[in-house]
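Below is one structure; the comments refer to it alone.
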Amino acid sequence: MNASIGKDLDFAARLLEQGALVAVPTETVYGLAGNGLSEEALLRIFKAKARPHFNPLIVHVASVALIASVADFVSPNAKLLASIFMPGPLTLLLPKSPSVPDLATAGSSLVAVRVPSHPMMQQLLTRLSFPLAAPSANPFGYISPTSAAHVAAQLGDQLDYILDGGECVVGLESTIVGFNAHDEVLIYRQGAVTAEDIERVTEKKPTLVIASGKPDAPGMLASHYAPKAKVLLGNIAELLKEHAGNNIAVLSFQKTQQTANHQEVLSPTGDLQEAARNLFAALRRLDALNPSMILTELVPDEGLGRAINDRLRRAAA
Ligand code: TXA
Ligand code: MG
């Protein structure tokens, strides 16, 4: 069986009401969605993704007002960030309400909540009477999908339908933030809502929680977002000299290289948003060529560039 791809919101809503799995478009990446309040649907999600049960899922709701339906407490800074950045590419870790099954949060007392801005996902959520639990719609450990075709290529046989909302405009997974006892902001995963954006709103520098690779620091498995091919990160020109003669693929930020067999440029004009939007699709295209390795380089380490570099480092880990 291979899931059909389409734009039928009624069909998608009906399937989800029946406990089925539907891939959904968001502004960040595609999600593999199921009824977030149904243990059966949640189990299906973990199985389809071959995802360990200790890795909790993000719960998606239609509006900031609906956050209260899954979270028991929204701190002042959480409210502030929600009012500015939601709907959008931000996920908040908040004390979970009893209505959310423990399976969704992997037993944690915190629930990850997101209000996606993608118009089609907004319409879908508005039609449903329950939140949607959705991890990124890729096999565990692989690069996240930014188009319906990416989802179909890898998880098509695990899904009931793929809702096609076009290419994701952000292209990187949401920024995940939590709050300590003093309501200070902790960034667990970098994304399009940057540390600078957060600081501007809270007037305090958020703390970046470093990847530990331990399952108790979810979202932070060091080797994640990785293509099949080995990825080497550094100075592309030097790496090319070192590995001359191999079937090399190059993923560069702005400039093309003469001697590479295959190459992708993330943004010829050096635009970080364009680079983020192209990153996963470019990695997939190169990976599909079965190169002996993919050589790549960091982008400027500022704003959105930090989230891109985070993904590049994980792809190379
Ligand atoms: O942009 C996104 O966030 C996409 C779209 C589909 O919304 N979703 C996404 O989900 O990236 P996923 O499952 O691939 O990544 C979510 C991360 C996981 O690494 C998970 O460990 C972490 O969020 N997470 C979820 N619930 C958590 C919780 N209760 N406590 C700590 N981390 C949590
Ligand atoms: Mg993921």
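Tabulated values for the structure
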item	result
Mean Cα-pair separation over length for segment 230-316, i.e. relative contact order, pairs under 8 Å, 6 or more apart, %	38 percent
The chain: translational diffusion in µm²/s, Stokes-Einstein, Kirkwood Rh over Cα pairs, 10 °C, 1.306 mPa s	80 µm²/s
Long-range HN-HN contacts of G31 with modeled amide H, under 5 Å	V24, T26, A137
GluC sites (Glu not before Pro) restricted to segment 221-317 and DSSP loop, no more than 13 other C-beta within 10 Å	E302
Segment 63-171: proportion of alpha-carbon pairs further apart than 20 angstrom, %	48 percent
Q257-I84 pseudo-label distance in nm [points 7 Å out on the Cα-to-Cβ vector]	3.9 nm
Förster-model FRET efficiency, 25 Å R0, S99 and A149, C-beta, rounded to 0.05	0.10
Hz values of 3J(HN,Hα) by residue in segment 168-175 - Karplus curve (6.51, -1.76, 1.60), Gly and Pro given as x	5, 6, 8, x, 10, 4, 4, 5
Cα-based Lys pair tally, the chain, threshold under 28 Å, eight or more apart or on separate chains	25
Debye log10 I(q)/I(0) at q = 0.15, 0.16, 0.25 Å⁻¹ for segment 230-316, Cα point scatterers	-0.47, -0.54, -1.33
Segment 169-209: GluC sites (Glu not before Pro) in DSSP coil with no more than 16 other Cβ atoms inside 10 Å	E184, E203
Whole-percent carbon and sulfur share, accessible surface of segment 5-208, 1.4 Å	55 percent
The chain: relative contact order as a whole-number percent, Cα under 8 Å and 6+ apart	19 percent
Filtered chymotrypsin sites (Phe, Trp or Tyr not before Pro), segment 24-93: DSSP coil and at most 15 other beta carbons within 10 Å	F54, F73
Vicinal HN-Hα couplings computed from phi for segment 144-154 (Karplus, 6.51 cos²θ - 1.76 cosθ + 1.60; Hz; Gly/Pro x)	5, x, 10, 8, 4, 5, 4, 5, 4, 4, 10
Spin-label zone in segment 107-121 - amide nitrogen under 13 Å from a point set 7 Å from the Cα of L9 along the C-beta vector	118-121
Simple label model, 7 Å out from Cα along Cβ direction - L43 to K228, nm	3.2 nm
Total charge dipole magnitude, the chain, about the Cα centre, Cβ charges on Lys, Arg, Asp, Glu only, Debye to nearest 20	420 debye
Cβ-Cβ FRET estimate between S292 and F140, R0 fixed at 22 Å, reported to 0.05	0.35
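The values are calculated or read from the model by the stated rules, or taken from the named source; none is laboratory data. This is a predicted model, so every value here is computed, not measured. Because the Cβ atoms are built from the backbone with ideal geometry, glycine has one as well, and the counts that use them run over all protein chains shown. These accessible areas exclude ligands, DNA and RNA; they are computed on the full protein's heavy atoms, side chains included. Shrake-Rupley method; radii C 1.70, N 1.55, O 1.52, S 1.80 Å.
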